[in-house]
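K.L.:
Handing you this structure, nothing more for now.
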Amino acid sequence: MSERFYYLDHAATSWPKPDEVIEAVTAAMKNDSANPGRGSHAMAVRASRILFKGRMQLAKLLNVNNPNDIVFTHNTTMGLNMAIKGFVKAGDHVIASSVEHNSVRRPLYDLEQKGVEVTYIDADEKGFFNLNQLEAAMKANTTLVAVNHSSNLLGTILPIAEISEIVHKHGAKLLVDGAQSVGIIPVDVVKLGIDMLAFPGHKGLLGPQGTGGLYIAPDIDLEPLMQGGTGSQSEAPHQPLIRPDRYEAGTQNTAGIAGLTAGVEYISRIGIDKIYEHEWKLSQRLLSGLMDVEGVVCLGPDIGQPRTGIVSFYIPHIDPSELSFILDQHYQIAVRSGFHCTPTAHMAAGTSERGAVRASVGYNTTDEEVDALVLAVKEIIEQY
């Protein structure tokens, strides 16, 4: 039984957070807890500067020209809902892949009940779909294509630039779910041709939970998901038209955004390429180790292929929930089991009956942690 705790659930939330993130949150709560944009006194001004700095750092990371095109959200789910429900109208046609997270599928299902047509492109067991199928699915009334950059089950990295070319050729817009890519692999909204990008603060960006963002291209006007106080144009009955106020009703999570900014600065100092290389090597080590254990079936791209730090697997004669429970209680190894909020991805992978176990690494994950999981899985199989 291990004496230490092995955290391999970074695809859900990164941990531990860098000291800089914790210190930034604490400092903001101690010194700058006034409402940003709601007052002219010194503390309110400092709070506003925290938000401005955060937008600037995110814009630099994502190659966004105008920081005001980045809207702060509570998480990726909120950003995706803002993009989908604010852009799509009755009579529109939307395309998504069959390996999307429920944060895309459920808003689309809701809109289907209100007159929106939705087409899902079938992905293979590795998480890829044929771009010719996407081309064939485009219609005259197709307004939006929504895809994840990387599957939260399979670790597959989709060719966003090629997808964008097809989407724009047909006059539609591209929404990218960056939950498993931002802060982990390079994301340049210009080079990739991304019109809207939803991303979390608490995963690859190493920030606190309850933070995230949505990039909205300057030529897109979304209907706001919420209306309310913004601190600007208070005399008007309608939501302001200016960004980011149009999409940020209510008081922002100033301390959280301070922590998010510190996380962005931390990974920027390291370099995204270095982060990806580290996580890829660990994923390959884990994949190789698990494949050498008789009875383990691994999901996602083959060894040696590009992928994020996600390695999902199952053992046919052991329930994934039971396996993850044993790993937690007897080996102090944290992984996630079940359907990972993406049931159709499990259908594509052939694991829709019971789900799978997902291990995911981060920049601070070590070889020791990866090897501990492989050894634990081997021991558990031998005992069954």
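K.L.:
Between Asp221 and Asp367, what's the calculated FRET efficiency when r is the beta-carbon distance and R0 is 56 Å? Round to 0.05.
P.N.:
With R0 = 56 Å, the Cβ-Cβ based efficiency is 0.70.
K.L.:
Return the Rg/Rh ratio of the chain with Cα-based radii and a Kirkwood Rh.
P.N.:
0.99
K.L.:
For the chain, what is the calculated [θ] at 222 nm in deg cm²/dmol (nearest 500), taking -39500 (n - 2.57) for each run of four or more DSSP H residues and dividing by its residue count?
P.N.:
Computed ellipticity for the chain at 222 nm equals -12500 deg cm²/dmol.
K.L.:
Pop out the carbon and sulfur fraction of the accessible area of the stretch 76-156 as a percent, whole number, probe 1.4 Å.
P.N.:
Heavy-atom surface of the stretch 76-156 belonging to carbon and sulfur, 1.4 Å probe: 48 percent.
K.L.:
With both bridge residues required to lie in the chain, what share of the DSSP beta bridges run antiparallel, to the nearest 5%?
P.N.:
50
K.L.:
Another question, if that's okay. If you take the square roots of the eigenvalues of the alpha-carbon gyration tensor of the stretch 117-176 and sort them as a ≥ b ≥ c, do you get rounded (a/c under 1.5), prolate (a/b over b/c) or oblate?
P.N.:
Prolate, because a/c is 1.5 or more and a/b exceeds b/c.
K.L.:
OK, next. Would you be so kind as to identify which of Gly271, Gly304, Tyr363 lies farthest towards the positive end of the dipole of the chain, taking Lys and Arg as +1 and Asp and Glu as -1 on Cβ and the Cα centre as origin?
P.N.:
So the residue we want is Gly271.
K.L.:
List, in the order given, every pair from Lys30/Lys203; Lys53/Lys114; Lys30/Lys274 whose Cα-Cα distance in the structure shown is over 28 Å.
P.N.:
Beyond 28 Å between Cα atoms: Lys53/Lys114; Lys30/Lys274.
K.L.:
With +1 on the Cβ of every Lys and Arg and -1 on the Cβ of every Asp and Glu, and nothing else charged, how large is the dipole of the stretch 1-110 about its Cα centre, in debye rounded to the nearest 20?
P.N.:
Computed charge dipole of the stretch 1-110: roughly 400 debye.
K.L.:
Want the number for Ala249 to Glu20: 0.36 nm per residue separation, take away the alpha-carbon distance, what's left?
P.N.:
79.6 nm
K.L.:
Please list Met291, Met347 from largest to smallest accessible area, probe radius 1.4 Å, with all protein chains kept in place.
P.N.:
Met347, Met291
K.L.:
Let me ask something else about it. Which sequence of His317, His101 reflects their accessible areas, 1.4 Å probe, from the largest down?
P.N.:
His317, His101
K.L.:
Taking Cα atoms, how many degrees apart are the long axis of helix 367-383 and the longest axis of the chain, rounded to 10 and kept between 0 and 90?
P.N.:
It works out to around 50 degrees.
K.L.:
So with the 1.4 Å probe, I'd like the accessible area per residue for the chain, rounded to whole Å².
P.N.:
About 42 Å² of surface per residue is accessible.
K.L.:
First select every other residue whose beta carbon is under 12 angstrom from the beta carbon of Leu153; then total the charges, Lys and Arg +1, Asp and Glu -1.
P.N.:
+2
K.L.:
Same structure, new question: How long is the gain from Arg106 to Thr119 if the chain were fully straight, where each residue apart is worth 0.36 nm and the alpha carbon distance is subtracted?
P.N.:
So the chain would gain 3.3 nm between Arg106 and Thr119.
K.L.:
If you don't mind, another one. Give me the number: length gained by fully extending Asn65 to Gln383, i.e. 0.36 nm times residue separation minus the C-alpha to C-alpha distance, one decimal in nm.
P.N.:
Extending this stretch completely gives an extra 108.8 nm.
K.L.:
Identify, among Ile315, Val293, Ser164, the residue whose Cα sits farthest towards the positive end of the charge dipole of the chain, taking +1 on the Cβ of Lys and Arg and -1 on the Cβ of Asp and Glu, with the dipole about the Cα centre.
P.N.:
Checked the options; the winner is Ser164.
K.L.:
What figure in square angstrom, to the nearest 10, would you give for the accessible area of Tyr331 with a 1.4 Å probe?
P.N.:
Tyr331 exposes around 40 Å² with every protein chain in place.
K.L.:
Cα axis of helix 76-87 to longest principal axis of the chain: angle in degrees, 0 to 90, nearest 10?
P.N.:
Once rounded, one gets 50 degrees.
K.L.:
What does the charge count around Pro301 come to, taking other residues whose C-beta lies under 12 Å from its C-beta (Lys +1, Arg +1, Asp -1, Glu -1)?
P.N.:
Summing Lys and Arg as +1 and Asp and Glu as -1 gives -1.
K.L.:
What is the stretch 1-127 by shape, rounded, prolate or oblate, if you read a ≥ b ≥ c off the alpha carbon gyration tensor as root eigenvalues and call it rounded for a/c under 1.5, prolate for a/b larger than b/c, and oblate otherwise?
P.N.:
In terms of gyration-tensor shape, oblate.
K.L.:
Go through Lys191/Lys281; Lys89/Lys139; Lys85/Lys173; Lys85/Lys191 and tell me which ones have a Cα-Cα distance over 19 Å in this structure.
P.N.:
In this structure, Lys191/Lys281; Lys85/Lys191 lie more than 19 Å apart at Cα.
The values are calculated or read from the model by the stated rules, or taken from the named source; none is laboratory data. Quick caveat, the model's predicted, so the values are computed rather than measured. Note that we place each Cβ from the backbone using ideal geometry, even for glycine, and neighbour counts take in every protein chain shown. Calculation scope for accessible area: heavy atoms of the full protein, side chains included, ligands and nucleic acids excluded. Shrake-Rupley method; radii C 1.70, N 1.55, O 1.52, S 1.80 Å.
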